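**Q** Got a structure for you, questions after.
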Amino acid sequence: MTLKYSRQRQAVWDFIQTRSDHPTASIVYEEVRRMYPNISLGTVYRNLMLLRDMGKIGTVDIGDNAVHFDPNISLHEHFVCRKCGSLTDLDTYDLSSLRPMQIDFHGKIENYSMIYYGICEDCLKQQASTENSENQSIQRQT
C-alpha cells in the first residue's frame, strides 16, 4: 500500500516512536498540535489507525475506554497498574512455553494479547512510604 507523504502523518509517526508509555490519540494530538496547530483530533486518530492497519504500530485495550498505541510491534505482554493506571511493556524471553489452551479449535492463531494487572513498583514504594509515615505517627501518639 503506497501512501502520499503527509507531514502530519510523519509528525504522528515520529512522536509515537519516542514513546514507551502507550499514549492515547488525545495525548498524541496534544503534542502534534504544537507543530501543526490546525490539525484535528480526528486526523491524528485516522493516521494512528492507518499506521496500525499498515502494521507499523500496535494497539492495546486495557478496558479504560481508550485505545492505547504501541510502537513496539514485537510479541510482548503488558502490565497495568491498578493504582496509577500506567501501562508498561513486559518482554517474554521464552515464547515456546506459551501454548494455546487445549481446545477444539481448528483455525490458525496468528497473535495473542496478554495483560497483567497489579501494582507497579513506584506505587508500591509510595504505599510503603505512606504506611511508614502512618505507623510513625501512631507510635508518637501512644
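The values are calculated or read from the model by the stated rules, or taken from the named source; none is laboratory data. What you see is a predicted model, and the numbers here were worked out from it, not measured in a lab. Note: ideal-geometry Cβ built from the backbone for every residue, glycine included; neighbour counts use all protein chains shown.
**Q** Just the residues that are surrounded by 15 or more Cβ atoms within 10 Å (Cβ to Cβ), aliphatic (A, V, I, L, M) and assigned by TED's automatic domain parsing to the domain that holds C123, please, taken from region 67-92.
**A** The answer is V80, L87.
**Q** Quick one: S6 ticks every box in (1) out of contact with any His (no Cβ under 6 Å at 6 or more places or on another chain); (2) touching a residue at least 40 places away in the same chain (Cβ under 8 Å); (3) within 23 Å of D89 (Cα to Cα) bar one, so which box is it?
**A** The failed condition is (3).
**Q** If D64 meets every condition in (1) surrounded by fewer than 15 Cβ atoms within 10 Å (Cβ to Cβ); (2) of a type in the set (D, E); (3) modelled with pLDDT of 95 or more apart from one, which number is that one?
**A** Among (1) surrounded by fewer than 15 Cβ atoms within 10 Å (Cβ to Cβ); (2) of a type in the set (D, E); (3) modelled with pLDDT of 95 or more, D64 violates only (3).
**Q** To continue, here is another question. Tell me which residues, restricted to region 1-39, are more than 22 Å from the chain's Cα centre (by Cα) and closer than 21 Å to A66 by Cα.
**A** Listed by number, the list holds a single entry, I39.
**Q** Scan (1) surrounded by 15 or more Cβ atoms within 10 Å (Cβ to Cβ); (2) assigned by TED's automatic domain parsing to the domain that holds Y116 for the single condition R33 breaks and write down its number.
**A** Condition not satisfied by R33: (2).
**Q** Hey, any hits in region 105-121 for a residue that's in contact with a Ser or Thr (Cβ under 9 Å, 6 or more places away or on another chain), among the aromatic types (F, W, Y), at pLDDT 85 or above and outside the structural domain of D61 (by TED's automatic domain parsing)?
**A** No, region 105-121 has no match at all.
**Q** I need the full set of residues from region 1-30 which are surrounded by 13 or more Cβ atoms within 10 Å (Cβ to Cβ) and over 21 Å from C81 (Cα atoms), in order please.
**A** S6, Q8, R9, A11, V12, W13, F15, I16, V28, Y29, E30
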